[in-house]
Amino acid sequence: ESILFAKNKFPKSHFYLGDYMEYSFPNTYEIVFSESTLHYFEKSFFRIMQKIYSNLSENGEMIVTHGRISVKSLFVNFLRRMGLLVFKIAGESFFLKLGNLIYLDRYDEKFLRDQLVYLKEFPRLLTKKVIEKALVDAGFAKESIQVYSIPSTSFLQADHFFVYAKKS
């Protein structure tokens with residue numbers, strides 16, 4: 001649904017829906033942007049950084065946010081694991097009723113089912129040092145790398161890093 005919305009909003013742009021690690025892009029790009037998605041990939045963070053690097057033009061830039069290790073992030077992951085346990089023990093019907101209670105009937109059943117993705121996939125939380133190493137190993141210019149902590153504004157969302165790196 002988001003891709004269709006974006007295509008209508010930006011008809012001259014190109015969008016791809018699929019596994020980033022499996023797709024071979026025909027061009028290089030000036031910028032790669034990712035908002036709170038990379039930490040859900042099953043592939044290694046190091047491999048993802050290498051792929052992004054290869055998809056950038058000579059002076060290309062990367063901007064991503066990534067889940068970071070913090071007490072709050074670990075607590076959020078614990079709550080997700082408990083939610084998944086409730087789903088497994090009590091079943092889908094109970095999970096949907098509980099979701100309606102928590103969200104005060106603001107969301108439909110499809111949305112609540114989609115939330116199971118977030119319960120099943122636990123973000124790969126990283127430290128600043130690990131991110132910086134991955135970027136240097138991928139080839140990004142060390143002097144360009146910037147990693148800042150971003151505390152979450154939501155109680156049920158993990159804290160993140162804002163990450164910027166330039167290819168050369």
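The values are calculated or read from the model by the stated rules, or taken from the named source; none is laboratory data. Just so it is clear, the structure is predicted and the values come from calculations on it, not from any experiment. For neighbour counting, all protein chains shown are included, and Cβ atoms are generated from backbone atoms with ideal geometry for every residue, glycine included. Side chains are part of the model used for accessible areas, which takes the heavy atoms of the whole protein and leaves out ligands, DNA and RNA. Shrake-Rupley method; radii C 1.70, N 1.55, O 1.52, S 1.80 Å.
Things to note:
- Gly67 touching a Phe, Trp or Tyr at 6+ places or on another chain (Cβ under 9 Å), at pLDDT below 90, crowded, with 16+ Cβ neighbours inside 10 Å and over 27 Å from Met21 (Cα atoms): no
- Of the listed requirements (1) modelled with pLDDT of 85 or more; (2) surrounded by 10 or more Cβ atoms within 10 Å (Cβ to Cβ), Ser44 misses just one: (1).
- Evaluated against (1) part of a helix (DSSP H, G or I); (2) open to solvent by 60 Å² or more (accessible area, probe 1.4 Å); (3) out of contact with any strand residue (DSSP E or B) (no Cβ under 8 Å at 6 or more places or on another chain); (4) at pLDDT 80 or above, Tyr118 falls short on exactly one condition, (4).
- Restricting attention to the stretch 1-44, the residues that are without any contact (Cβ under 8 Å) to a residue 12 or more places away in the chain and in contact with a helix residue (DSSP H, G or I) (Cβ under 8 Å, 6 or more places away or on another chain) total 1.
- When Glu22 is tested against (1) within 22 Å of Arg124 (Cα to Cα); (2) in contact with a Ser or Thr (Cβ under 8 Å, 6 or more places away or on another chain), exactly one condition is not met: (2).
- Subset of the stretch 31-41 (residues that are assigned to a helix (DSSP H, G or I) and open to solvent by 30 Å² or more (accessible area, probe 1.4 Å)): Tyr40
Conditions tested, residue by residue: (1) open to solvent by 30 Å² or more (accessible area, probe 1.4 Å); (2) out of contact with any Cys (no Cβ under 9 Å at 6 or more places or on another chain); (3) farther than 18 Å from Ile31 by Cβ.
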| residue | (1), (2), (3) |
| --- | --- |
| Glu132 | yes, yes, yes |
| Gln146 | yes, yes, no |
| Ile150 | yes, yes, yes |
| Asp159 | no, yes, yes |
| Lys166 | yes, yes, no |
